[in-house]
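S.K.: Can you keep this structure in mind? I'll have questions shortly.
Every number here is computed from the coordinates shown, using simple stated rules; none is lab data. Not measured: the values here are computed from a predicted model. Cβ coordinates were reconstructed from backbone atoms using ideal geometry, including for glycine residues, and neighbour counts include every protein chain displayed.
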Amino acid sequence: MPEEKKYFAGLDIGGSTIKAALVDADGQSTGTFVEVKSHVKDGYEATFGQMEEALAQLAGNEGVEVSAIRGIGIDVPAPNCDGVIWTRANLAQDWVGTNVRDKFSKRSGIPAYMTNDGNAAALGEYAVRTNYDGGLMLVAPGTGLGGGLILPGGKIYEGVNGLALEVGHVSVPHREEDGKLPKCSCGWKGCSEAWVSLMALRRRLGIELAKEKWAGHPLASEDSSIEEKAFKLRDFADEDDELAIQIFQQQGQILGYVLGDLVRVFDPGMVVVGGGLAETSEKFRKRYMNWIMEGFEERGWSIYRKSPIESNKVTTLFEWATGGDHAASLGMGFVANDLFG
Ligand SMILES: [Zn+2]
């Protein structure tokens with residue numbers, strides 16, 4: 001009897017969905033992706049059921065048994081180390097302090113690896129760039145500002161406590177017009193995430209819309225929540241709306257400023273900008289990347305852009321994420337293959 005084919009699964013656990021990918025024994029994507037609803041706020045046991053559902057669907061779509069899956073990579077939207085989650089972030093309280101990796105591994109009978117979502121997306125972006133093997137740093141503005149670092153050759157740098165690359169909580173000198181540092185979701189003030197995130201977008205929009213200057217702006221008179229208004233801001237930017245441009249320009253420049261410092265520390269060779277912004281229109285991305293470069297050039301050394309030795313050489317590449325919605329799950333599938341294959 002021929003030996004059963006082996007597979008490896010990546011499970012990207014988000015606040016509302018689990019995205020899953022299947023990788024074969026050669027470390028190639030099978031092209032099988034599934035998405036199931038997640039209820040992380042109902043506790044980890046409830047989520048385990050949905051993770052099993054995702055594994056069953058992956059196997060079913062590939063026409064194999066779940067037992068053919070020999071390793072799993074799991075990422076969660078919270079800091080964690082050795083399978084244990086440090087703080088709840090968007091999860092229910094019972095996730096904190098529990099070794100969810102080992103519990104799920106025991107329950108499913110499949111060995112598992114666990115990391116955070118920024119690391120997973122960085123791994124995915126590294127994996128899809130098959131012709132690149134330098135260092136890669138991902139920054140992903142979303143609800144917060146996540147990040148991840150892949151060392152040259154493909155190894156992830158997680159830090160001793162799994163807390164490396166918390167890029168959203170490095171401090172920036174930028175202040176609101178009243179001279180105050182904005183509050184961050186982590187409890188501190190003046191973090192980069194307080195400027196470069198969806199939360200920041202809402203705060204900035206609220207401050208701007210209260211000004212007389214924007215009294216005639218369609219969003220000022222619109223009867224909807226600040227969340228809904230912030231959601232529309234990208235479309236306004238695409239229509240060259242002055243307010244939207246001003247807010248995103250500031251965000252992009254501050255992200256570039258942060259990257260100036262981070263590149264100085266890590267010298268990664270490539271910076272990949274992910275998160276929801278990577279899915280925007282080409283016009284928006286082009287503009288936003290220019291704003292990042294403005295901030296980067298203000299703060300980063302010019303030798304991180306152009307080598308003084310080889311004048312044609314770009315020393316730090318800047319790219320948008322290309323892995324799409326499934327970058328993190330695929331990254332986790334690749335890692336599972338590396339570790340358990
Ligand atoms: Zn913070």
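S.K.: Say we join alpha carbon atoms closer than 10 Å with springs in a Gaussian network model of the chain; which of A78, A164, A210 then has the biggest fluctuation?
M.R.: Result: A210 has the largest fluctuation of those listed.
S.K.: Return the single residue from E177, E208, E227 with maximal mean-square fluctuation; model: Gaussian network over the chain, springs between Cα atoms under 10 Å.
M.R.: E177
S.K.: Something else now. I need the calculated FRET efficiency for the pair T130 and S225, taking r as the beta carbon distance and R₀ as 45 Å, to the nearest 0.05.
M.R.: 0.55
S.K.: I'd like the orientation of helix 44-62 relative to the chain: the angle between its Cα long axis and the longest Cα principal axis, in ° from 0 to 90, rounded to 10.
M.R.: 70 degrees
S.K.: In degrees, nearest 10, range 0 to 90: what is the angle between the Cα axis of helix 226-238 and the longest Cα principal axis of the chain?
M.R.: Around 80 degrees separate the two axes.
S.K.: OK, next. For segment 204-341, what class follows from the C-alpha gyration tensor (a ≥ b ≥ c being the square roots of its eigenvalues): rounded when a/c is under 1.5, otherwise prolate if a/b is larger than b/c, else oblate?
M.R.: The shape class here is oblate.
S.K.: Right, next: Mind giving me the nanometre distance, one decimal, between the label points for N161 and N61, set 7 Å out from Cα along Cα→Cβ?
M.R.: Rounded to a tenth, the inter-label distance reads 3.8 nm.
S.K.: Scan around G43 for amide H atoms under 5 Å from its own, H built in the peptide plane at 1.01 Å from N, and keep only partners 5 or more places away or cross-chain.
M.R.: Residues meeting the criterion, in which the H sits 1.01 Å from N, are A92.
S.K.: Over 40 Å, how big is the tail of the calculated P(r) for the chain, in percent of all Cα pairs?
M.R.: More than 40 Å apart: 15 percent of the Cα pairs in the chain.
S.K.: Something else: Got a sec? How would R204, R234, R88 order by Cβ neighbour count within 10 Å, fewest to most?
M.R.: R88, R234, R204
S.K.: Continuing with this model, one more query. Rounding to the nearest 10 and keeping the result within 0 to 90°, find how far the Cα-based axis of helix 327-340 lies from the longest principal axis of the chain.
M.R.: It is inclined by approximately 40 degrees.
S.K.: Short version: ³J(HN,Hα) in whole Hz for each residue of segment 304-318, in order, from phi by Karplus 6.51 cos²θ - 1.76 cosθ + 1.60 (θ = phi - 60°), x for Gly and Pro, what are they?
M.R.: 7, 10, 10, 5, x, 8, 10, 5, 7, 7, 8, 7, 10, 7, 10
S.K.: Please identify the trypsin sites (Lys or Arg not before Pro) of segment 90-195 that satisfy two criteria: DSSP loop assignment and at most 14 other Cβ atoms within 10 Å. Which are they?
M.R.: Those satisfying the criteria are K155, R175, K180.
S.K.: Another one. Give the residue list of trypsin sites (Lys or Arg not before Pro) in segment 267-327 that are DSSP loop and have at most 14 other beta-carbon atoms within 10 angstrom.
M.R.: K313
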